[in-house]
Amino acid sequence: MIRTIMVKGKNTAGLDLPLPTSPVGVTKSELAYQAMRDGIVNGLLQAGDRLPSTRVLSQRWGVGRGTLESVFERLQLEGYITRKVGSGSRVSATIPDRYLKAVSTAQTTATHHKEPAMVEAAPVSVRKHYQAQVGVPFVARLASPLLISPAEWAAHLQRAMAAMQPEQMCSVEPQGAWVLREQIAKYLRNHRGIDCLAEQILITNGIRHSIDLVARCVVKPGDHVCVEDPGYPAVHQIFEEAGANLLYAPIDQEGLNLGGIIGATECRIAYVTPAHQSPLGVIMSATRRLELLDWAQSNNTWIIEDDYDSEFNYQSAPLPALKSIDTMNRVVYCGSFNQALFSNLRLGYMLAPPELQRKVLELWHTVGRSVGVSEQLGLAAFMKGPAFLRHLRRSRQEYQTLRDIVLETLRAEAPGRYRISGEHAGFHLILWLSPDQDENMLIHAAEQQGVVLQPLRHCCREIELAPAIVLGFAALTRAQAKYAARKLGQLLLPTPS
């Protein structure tokens with residue numbers, strides 16, 4: 001059964017806005033959100049079209065107005081709609097015409113001013129100094145080892161090993177253990193909005209390993225690759241070692257800005273972190289996502305989606321993955337369990353379009369498969385029951401608590417002496433310094449107090465940004481977070497003259 005409501009927008013034709021009957025386990029709030037979001041993405045609702053009021057939708061759909069109000073707020077936050085008192089809510093995402101004409105079926109159904117000076121990358125010794133470390137404020141931007149005990153993880157491994165078949169001890173499927181790929185596909189369908197099957201998943205050692213495999217299959221010396229600026233230095237290095245010439249796309253309040261590279265028709269790959277941009281923490285808007293997909297399709301460019309920090313959003317449900325609206329099969333989706341569980345697990349996965357997956361598998365066969373079967377089966381056992389999602393919820397709550405401790409302590413110690421951004425998700429946030437503060441002096445003074453501060457400029461290549469610090473807090477205890485934030489707050493205060 002489908003109930004519809006006719007909506008009049010700026011166009012004279014009425015528009016159907018369907019609300020399918022709720023499947024088991026799907027809330028009315030999520031169903032209403034999906035109905036309106038899909039209407040926008042699929043072209044049923046276009047830029048400027050007016051949405052019905054929450055009162056009208058409540059009557060027709062049988063959904064509470066309070067529930068619908070939260071749905072509208074979520075759509076506004078994600079950039080799909082604009083809201084204005086007196087004129088209602090309207091679609092804001094500018095969807096390219098070519099995207100509207102795309103086949104709407106998901107891939108699993110269809111197929112089985114002046115030029116700024118280049119900023120040199122930080123030397124290896126400097127990068128090592130600022131690498132993520134447990135218990136070291138504020139470079140503790142990795143999963144806390146306190147949230148899953150060795151005994152708990154060992155129990156999952158033991159159960160998996162006890163149930164292992166003899167043939168599994170000798171060899172594993174080329175793409176990884178089937179039982180794990182089934183669990184990953186289920187997780188992606190339920191939590192990242194990606195319609196996928198187990199046979200499309202390839203198990204890797206982590207996100208960087210996935211990116212390296214794609215780069216080695218796609219990039220030839222001299223090819224252009226688009227990366228974010230500021231961005232993830234390790235990924236820049238992967239592409240450079242593959243022989244790529246990097247194109248640096250700046251990040252603004254909507255995420256990756258293609259304006260500077262829109263004419264680069266020979267770009268082979270565009271690498272993006274749309275869920276929580278690394279390092280600025282910006283969520284890529286719906287408009288930018290659709291523009292990126294359209295540009296990639298027009299230029300035969302692969303998009304590598306690094307779903308960085310998507311599990312840990314502290315203010316609202318995360319925007320579905322870019323891959324979830326990839327009707328053109330241009331997106332290579334890369335994920336990992338190193339943040340969800342522990343950093344040395346070294347277990348990730350990728351979901352690649354069929355054409356590219358075949359090439360990656362051939363390379364994977366050549367270089368060998370190094371993901372242990374015991375870890376794969378242990379993780380699959382963990383994901384099968386309720387323990388995995390319970391662990392994610394508990395971890396999200398703890399990381400939010402740590403973030404709040406840092407923010408509240410800084411606010412108490414040094415009000416008005418800084419600005420914060422990127423704090424809504426993930427393992428780090430950005431602290432922007434006041435104009436009168438000397439970044440180098442602050443970093444040096446903090447180090448004398450046992451606090452390591454990584455400057456944002458180490459993530460910049462062409463772009464020039466105001467002085468700022470990347471504050472990683474996830475792998476700290478609450479006491480460490482409070483102590484370090486207090487020390488930093490004191491250092492942010494003006495020096496008495």
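Readers should treat all values here as calculations from the given coordinates under stated rules, not as data from a laboratory. Here the structure is a predicted model, which is why all the values come from computation and not from measurement. Cβ atoms come from the backbone with ideal geometry, glycine included; neighbour counts cover every protein chain shown.
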Please order TRP178, TRP61 by the number of other Cβ within 10 Å, starting at the fewest. TRP178, TRP61
Which FRET efficiency value, to the nearest 0.05, do you get for THR27 and ALA387 by plugging their Cβ-Cβ distance into 1/(1 + (r/R0)^6) with R0 = 25 Å? 0.65
Starting from the Cα of SER298, step 7 Å toward the Cβ, then list every residue of the stretch 227-268 with an amide N under 14 Å from that point. 258-267
Evaluated at q = 0.13, 0.18, 0.24 Å⁻¹: base-10 log I(q)/I(0), Debye formula over Cα of the stretch 221-326: -0.43, -0.83, -1.43
Would you mind ranking SER92, SER53, SER310 so that the residue whose beta carbon has the fewest other beta carbons within 10 Å leads the list? SER53, SER92, SER310
Is any residue of the stretch 264-301 close enough, with backbone N under 12 Å, to a label point placed 7 angstrom from the Cα of ALA47 along the Cα-Cβ axis, and if so, which? 287-288, 290-291
Fully extended, how many nm does the chain gain between HIS444 and GLN253 (0.36 nm per residue separation, minus their Cα-Cα distance)? 65.7 nm
All other residues with a Cβ under 11 Å from the Cβ of GLN449 taken together, and with Lys, Arg as +1 and Asp, Glu as -1, what is their net charge? +1
Net lengthening on full extension, GLU408/ALA479 (0.36 nm per residue, minus Cα-Cα): 24.2 nm
In whole µm²/s, the translational diffusion coefficient that Stokes-Einstein assigns to the stretch 150-386, given a Kirkwood hydrodynamic radius over C-alpha pairs, 10 °C and 1.306 mPa s, equals 87
Of the candidates PRO455, PRO496, ALA474, the farthest towards the positive dipole end of the stretch 454-497 (Lys/Arg Cβ +1, Asp/Glu Cβ -1, centred on the Cα centre) is ALA474
What FRET efficiency do you get for LEU146 and VAL56 if R0 is 51 Å and r is their Cβ-Cβ distance, rounded to the nearest 0.05? 0.55
What is the Cα radius of gyration of the stretch 145-247 over 2.2 N^0.38 Å, N being its residue count? 1.42
Which distance in nm do the two modelled labels at LYS220 and ALA234 give, with both placed 7 Å along the Cα-to-Cβ direction? 3.0
What relative contact order, as a whole-number percentage, does the stretch 150-386 give when Cα pairs under 8 Å and 6 or more residues apart are counted? 27
Among LYS220, LYS28, which comes first, second and so on when ranked by fewest other beta-carbon atoms within 10 Å? LYS220, LYS28
Could you give the semi-axes, largest first, of the ellipsoid that matches the stretch 270-311, computed as the square roots of 5 times the alpha carbon gyration tensor eigenvalues and rounded to whole Å? 20, 11, 7
Scoring only Lys, Arg, Asp and Glu (+1, +1, -1, -1) among other residues with Cβ under 13 Å from the Cβ of GLY489 yields +3
Decide, for the stretch 138-201, between rounded, prolate and oblate: order the square roots of the alpha carbon gyration tensor eigenvalues as a ≥ b ≥ c, take rounded if a/c falls under 1.5, and otherwise choose prolate if a/b is larger than b/c, else oblate. oblate
If you project the alpha carbons of the stretch 339-497 onto their three principal axes, what span does each projection cover, largest first, in Å? 66, 40, 26
Given labels modelled 7 Å from the Cα in the Cβ direction, how far is it in nm from GLN133 to LEU361? 4.4
